[in-house]
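Chemist: Have a look at this one before I ask anything.
The values are calculated or read from the model by the stated rules, or taken from the named source; none is laboratory data. As the structure is a prediction and not an experimental result, all values here were calculated from the model. Using ideal geometry, Cβ is built from the backbone for each residue, glycine included, and neighbour counts are taken over all protein chains shown. Keep in mind that these areas ignore ligands, DNA and RNA; they rest on the heavy atoms of the full protein, side chains included. Shrake-Rupley method; radii C 1.70, N 1.55, O 1.52, S 1.80 Å.
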Amino acid sequence: MSNSEIREPAVSPEGQKEVNIDPDIQQIKSLSRFQLMKRAFFKNKLAIAAGFVLIILYITMVFFPNLFSTHPPFQQDRNNMYAPPQRIRFFDVDGNFNLRPFVYPYDMELDFETFQYEYTPNYDEKKFIYFFNRGFSYKLGGFWDTDIHFMGLESEEDMFFIFGSDRMGRDIFSRIVHAGRVSLTVGLVGVALTIILGSFFGTLSGYMGGIIDQIIQRIIEILLSFPTIPLWAALAAALPQDWSSIRIFFGISIIIALRNWAGLGRQVRGKVMSFRESEYTIAARIGGASHLYIILHHMIPNAFSHIIVIGTLSIPAMIIAETALSFLGLGIQPPMVSWGTLLEASQRVNVVINYPWIMIPGLFVVIAVLAFNFLGDGFRDAADPFSS
Amino acid sequence: MTAFLVRRSFYMIFTLIVVSILGFIIINLPPGTYLDVYIAELQSMGTATAMEQRQAIVQRFGLDQPLYYQYWNWISGFIRGDFGISFMYERPVSDLIWSRLGYTVILSTSTLIFTWLVALPIGIYSAVNKYSIGDNIFTFFGFLGLSIPNFLLALVFMVISARVLGHTVGGLFSMEYRDAVWSIGKFIDLLKHLWIPVIVVGTAGTATLIRIMRGNLLDILNQQYIQTARAKGLKENIVIYKHAVRNAIHPLIMQLGMTFPQIISGGMIVAIVLSLPTVGPMYFEALAQQDMYLAGTFLMMVSFLLIFGNLVADFLLALVDPRIRYE
Amino acid sequence: MNKNKDTSDKNLLEVKNLKTYFHQEEGVVKAVDNISFNIKQAETLGVVGESGCGKSVTSLSIMQLVPQPRGKIESGKILYYQKDSSVPVDITSLSPRGEKIRKIRGNEIAMIFQEPMTSLNPVYTVGEQIMESVRLHQQSRQKEAREKAVEMLRLVGIGSPEQRVDEYPHELSGGMRQRVMIAIALSCNPSLLIADEPTTALDVTIEAQILNLMEDLQKKFNMSIIFITHDLEVIGEMSDRIIVMYTGKIVEKATIEDIFYNNKHPYTAGLLSSIPQIGVEKRLVTIKGSVPDLKHLPAGCNFSPRCPKVMNICHTQEPPDIQISENQFTSCWLYEKRKDDVV
């Protein structure tokens, strides 16, 4: 039985899957796992597009929010409360084309019967949009004084509400750009913690089995026994009120991660348990490999793609969790803003019905979450070249 | 099988105890309680008995005693159906929670059924017709459903209904049935209102389940025993439904333990937007007001629902998977 | 060993110029490339070769179970003579999900696979899985089917079959599961059993038991077996004739004696010399190099880069099929009489 040259490898990492597809496997084996992943990933157009969208979101909102704002995010304007979004036009009302886009300013009136603000565009006046023009001053990247903005009207006194304004007359677009910094980073902090806790305890539990598995499983079970939002809400409500908003931010991230690792942990455990039963692990065991060696060389690499995928896919859950908590008023606290805190104003349904543009921050939540989901999905497909 | 159930039930009780302790600690974390606000209010009204009342409450709940004593005081009341008092409503908690819990259970189970009924067939279709146009469409909508926070979906529903129908779609009952006693009419009225929160709360869960079902089934279809089944000469439909789907459902049942919290949590926050008479709105209000017994009881009850749901899932899993029964 | 078996001369299955390709984004994989062979009734045909040589795809083609949608039988015929019909049916012309092929699968042609651990559905008892086949093809009632299942389990040598019939696959060892697979395969008295590396995943003592069992049952049921393996030793014990495959092509076709003592193709010789022999102390000879990527095959003979007797022509032109004797063919330039003219 030792005619090793023609004996097939007993079991490949993907086990039985290869039984009937020898020709594929032959080919696949000639590339490294990482090359395969890279190739598979770059074939997924949707995932690449999602990655591109995320890069734009992070550059504009996390790194240079002021550069891309058109108004200071906290600047109130009593004369422009609940102004609807202005249409960016190339054609004027008479049908003449302008290469430079422009907006019509509003005339505002208070309707004394309904007590609602009535905005009508003033078609006599065109306000042209300029790119890289001067506006309010700020520090680019946190230390470089400048007043250049990506776009704006000629005078910064003119109102320019792409997404309309809120109840204080603040520019929703600029607020979204600033709020993105919190919403887009809260997930990353939380996910880092989730991955560390989840993969560590999941691997330990699945591999060791016995009493250690029992204890970790009980802890996970207890954590999972708390419904997410109520638990987070209770913990968030317990954060000291005198904390700075940055501490609240980290507090919220940790709170979300503290429950979320349990789900990942359970899944990693399942994967690891099936790997533990597989013949190559038993083979390594018999070969005298230590537990630590097997965990590091067989379990983690095998569960790794799974962990990365779940990690990416749990960022959306984090973003949604933060949004939900802030929507309830229990999350990010002023002066910090997140997409969720912007949405807090939407809690009053009759307001939303009259001024639906105050929900636009929600659109950005959806875009970011969708992008992370597509990206995570791309990672998943790429990480598992044998599945397709 | 019996041994398995007994063991699971034992775990459930253990989990419940730990959850109640943790829940009580969490609820007591914020400094100060509603009691302070309550007393301040009484005093501002100039009642001479304020101090006496305060003393009575402090004594009844042992608020001057250590936390473990307070916990025991509170939890031992559970057996008698006494969950303490709501300072905010100045009524026993037990008066406030039952109908809200009832509607929460109705909403959650309806949503769960909806999720499965929609997700299973779509998931199977998507896996069997992998990369077909239908699969791609479902995948896209699945992603979208997964990416919209459900309270946002609820808001969109509200705005659309207000603009199109001219009235909003909130609540679980029409005006005339809101305080009426139960009747066929009231039940039908409930069904007329229930479908909106069910869809809103169920969307994310459905999207998740579709993806899981599709993934599982694709994995299973690659298994050797599917080839064995085909080699027997079975019809492709039997191969898929009897041999593949049956195996692909296990992880889904395990997922039940994950879907249920999602539904309950989602339902709580959607309830605020859709003004549903469920646990959500009252719980968040109680949290904000630090009405600790009310908030704590809700947290306990909702967790109990979950734990019970998990037990049911375990039981179902043992029923369909022989490997677990003999573990 | 089994030379005294009574094999008739009637063909049961004829494979003619079969080509089964896999269409992938990176190119076409010619998993089975123009092979022809036949099996007589009650005969055992061994198919041997390294992994990736197209053995498994050949067997899946016979069952019309080539993985869809990438795999496809491009051309060729698989003529199968059914139990009560003298006119053969061409399996390649049947729809892979159609009723006709389903009446053949499991009923007339049965198959067992390499991995007994994953070949059985974990959620059904072994009895249910045997009965499924019986009820499907023999229209028997629940009770009869169950009796048949118990009988089959007894036949394949499983102790206390009345209890085992209600057990789940995870309660059985690998060897037992393979016995159950054999029981499922034989439950409808097939004319042809395709055994795709049935013993590779088992240990040696179990392997011998399973092989003996298969031989016994073959006599009992008077069926033909296609025995697929990479292990020439195993095949030597089982087979009457042997096909040696390399990169989707048949390189040599001969009786068992000729393969062992009068083989012609350098690849066959290479496979044989890498088998250890008891009592002979010599270094095992291995075939240098490894099986080439099926998408990037060398020009000329596919074996030329590894061949110890390679000639110039081997690098440029595909070798022809050469008949050595009545029962022996090989595909190698060494035996081409006109080779000097061609070069």
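Chemist: Of a type in the set (D, E, K, R) and either more than 19 Å from C:S59 (Cβ to Cβ) or away from chain A (no Cβ under 11 Å) (or both): is that true of C:D216 in this structure?
Modeler: Yes; evaluated as a whole, the condition is true for this residue.
Here is a yes/no grid of residues against (1) in contact (Cβ under 8 Å) with a residue 24 or more places away in the chain; (2) touching a helix residue (DSSP H, G or I) at 6+ places or on another chain (Cβ under 7 Å):
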position	(1), (2)
A:G142	no, no
A:D147	no, no
A:L153	yes, no
A:S165	yes, yes
A:D171	yes, no
A:R181	yes, yes
A:G190	yes, yes
A:T194	yes, yes
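Chemist: As an exercise: evaluate A:A289 against (1) under 26 Å from A:F34 (Cβ atoms); (2) part of a helix (DSSP H, G or I) and give the number of the one condition it does not meet.
Modeler: (2)
Chemist: Another question, then. Can you confirm whether B:G171 is open to solvent by less than 90 Å² (accessible area, probe 1.4 Å), within 12 Å of another protein chain (Cβ to nearest Cβ) and either within 20 Å of the chain's Cα centre (by Cα) or charged (D, E, K, R) (or both)?
Modeler: Criteria met by B:G171.
Chemist: Next question. Please name all residue pairs, on different chains or six or more residues apart, with Cβ atoms under 7 Å, provided the first residue is in region B:222-239 and is at the interface with chain C (Cβ under 7 Å from one of its Cβ atoms) and the second residue is among the hydroxyl-bearing types (S, T, Y).
Modeler: Within 7 Å, the pairs are B:Q223/C:T118; B:Q224/C:T118; B:Q224/C:S119; B:Y225/C:T118; B:Y225/C:S119; B:T228/C:S119; B:K232/C:S133.
Chemist: Taking the residues in region C:149-162 that are under 22 Å from C:M214 (Cβ atoms) and outside any loop (DSSP other than H, G, I, E, B) as candidates, determine which candidate is most open to solvent (accessible area, probe 1.4 Å).
Modeler: The residue in question is C:R154.
Chemist: At positive phi and under 17 Å from the mean Cα position of the chain (by Cα) - does that describe any residue in region C:233-255?
Modeler: Within region C:233-255, one or more residues are at positive phi and under 17 Å from the mean Cα position of the chain (by Cα).
Chemist: Within region C:176-205, restricting attention to residues that are over 17 Å from C:V134 (Cα atoms) and surrounded by fewer than 20 Cβ atoms within 10 Å (Cβ to Cβ), which residue is nearest to the chain's Cα centre (by Cα)?
Modeler: C:T200
Chemist: Is there a residue being out of contact with any helix residue (DSSP H, G or I) (no Cβ under 8 Å at 6 or more places or on another chain), within 14 Å of chain B (Cβ to nearest Cβ) and of a type in the set (D, E) anywhere in region C:38-46?
Modeler: Looking for residues that are out of contact with any helix residue (DSSP H, G or I) (no Cβ under 8 Å at 6 or more places or on another chain), within 14 Å of chain B (Cβ to nearest Cβ) and of a type in the set (D, E), one finds none in region C:38-46, hence no.
Chemist: How many of the residues in region B:202-224 are within 13 Å of B:K130 (Cα to Cα) and among the small types (G, A, S)?
Modeler: So the count comes out to 1.
Chemist: Those residues that are within 14 Å of chain B (Cβ to nearest Cβ) and either surrounded by 15 or more Cβ atoms within 10 Å (Cβ to Cβ) or under 22 Å from C:A195 (Cβ atoms) (or both), I need them from region C:92-110; list them, please.
Modeler: Across region C:92-110, the qualifying residues are C:L94, C:P96, C:I101, C:R102, C:K103, C:I104, C:R105, C:G106, C:N107, C:E108, C:I109, C:A110.
Chemist: Taking only region C:111-127 into account, find how many residues are open to solvent by less than 10 Å² (accessible area, probe 1.4 Å), more than 7 Å from every other protein chain (Cβ to nearest Cβ) and closer than 24 Å to C:F227 by Cβ.
Modeler: Looking only at that region, the number is 3.
Chemist: Could we say that C:I259 is assigned to a strand (DSSP E or B) and either modelled with pLDDT of 85 or more or surrounded by 16 or more Cβ atoms within 10 Å (Cβ to Cβ) (or both) here?
Modeler: no
Chemist: In addition: Assess whether B:S161 counts as being under 26 Å from A:V365 (Cβ atoms), under 16 Å from the mean Cα position of the chain (by Cα), of a type in the set (S, T, Y) and in the same structural domain as B:L221 (by TED's automatic domain parsing).
Modeler: Spelling it out, it is not the case that B:S161 is under 26 Å from A:V365 (Cβ atoms), under 16 Å from the mean Cα position of the chain (by Cα), of a type in the set (S, T, Y) and in the same structural domain as B:L221 (by TED's automatic domain parsing).
Chemist: What's the total number of residues in region A:330-353 that are assigned to a helix (DSSP H, G or I), within 8 Å of chain B (Cβ to nearest Cβ) and open to solvent by 10 Å² or more (accessible area, probe 1.4 Å)?
Modeler: 3
Chemist: Then there is this: Among (1) within 14 Å of chain B (Cβ to nearest Cβ); (2) open to solvent by 40 Å² or more (accessible area, probe 1.4 Å); (3) touching a residue at least 40 places away in the same chain (Cβ under 8 Å); (4) aliphatic (A, V, I, L, M), where does A:A236 come up short?
Modeler: (2)
Chemist: Look through region A:275-326, keep the residues that are small (G, A, S) and under 14 Å from the mean Cα position of the chain (by Cα), and return whichever of them is most open to solvent (accessible area, probe 1.4 Å).
Modeler: Ranking the qualifying residues of region A:275-326, first place goes to A:A317.
Chemist: If you don't mind, there's one more thing I want to ask. Can you tell me which condition B:P281 does not meet? The list is (1) open to solvent by 10 Å² or more (accessible area, probe 1.4 Å); (2) modelled with pLDDT of 85 or more; (3) within 14 Å of chain C (Cβ to nearest Cβ), and all the others hold.
Modeler: (3)
Chemist: Return the only residue of A:L67, A:L57 being in a helix (DSSP H, G or I), at pLDDT 85 or above and open to solvent by less than 50 Å² (accessible area, probe 1.4 Å).
Modeler: A:L57
Chemist: Anything in region C:50-91 that is over 28 Å from B:A127 (Cβ atoms), open to solvent by 10 Å² or more (accessible area, probe 1.4 Å), touching a residue at least 12 places away in the same chain (Cβ under 8 Å) and away from chain A (no Cβ under 14 Å)? List them, or say none.
Modeler: Passing the criteria: C:S75, C:G76, C:K77, C:L79, C:Y81, C:Q82, C:K83, C:P88, C:V89, C:D90.
Chemist: Output yes when any residue across region A:196-218 is assigned to a helix (DSSP H, G or I), under 30 Å from A:P361 (Cα atoms) and either touching a Gly at 6+ places or on another chain (Cβ under 9 Å) or facing another protein chain (nearest Cβ under 10 Å) (or both), and no when none is.
Modeler: Within region A:196-218 (the criterion being assigned to a helix (DSSP H, G or I), under 30 Å from A:P361 (Cα atoms) and either touching a Gly at 6+ places or on another chain (Cβ under 9 Å) or facing another protein chain (nearest Cβ under 10 Å) (or both)), the answer is no, since none of the residues qualifies.
Chemist: Still on this structure: Given (1) surrounded by 20 or more Cβ atoms within 10 Å (Cβ to Cβ); (2) free of Cβ contacts under 8 Å to residues at least 24 places away in the same chain; (3) facing chain B (nearest Cβ under 8 Å), where does C:R146 come up short, assuming only one miss?
Modeler: (3)
Chemist: Scan region C:181-199 residue by residue and report those that are more than 15 Å from C:F221 (Cα to Cα) and part of a helix (DSSP H, G or I).
Modeler: Hit for region C:181-199 is C:M181, nothing else.
Chemist: Now for a different question. With the condition kept exactly as written, say whether any residue in region B:56-79 is in contact (Cβ under 8 Å) with a residue 60 or more places away in the chain, part of a helix (DSSP H, G or I), closer than 30 Å to A:Y355 by Cα and of a type outside the set (S, T, Y).
Modeler: No, there is no match, as no residue in region B:56-79 is in contact (Cβ under 8 Å) with a residue 60 or more places away in the chain, part of a helix (DSSP H, G or I), closer than 30 Å to A:Y355 by Cα and of a type outside the set (S, T, Y).
Chemist: Here's another thing I want to ask about it. Would you confirm whether or not region A:83-99 contains a residue that is among the polar types (S, T, N, Q), out of contact with any helix residue (DSSP H, G or I) (no Cβ under 8 Å at 6 or more places or on another chain) and outside any strand (DSSP E or B)?
Modeler: yes
Chemist: Within region A:115-123, is even one residue open to solvent by 70 Å² or more (accessible area, probe 1.4 Å) and among the hydroxyl-bearing types (S, T, Y)?
Modeler: yes
Chemist: Keeping to region B:284-298, report how many residues are open to solvent by 10 Å² or more (accessible area, probe 1.4 Å) and part of a helix (DSSP H, G or I).
Modeler: Matching residues across region B:284-298 total 5.
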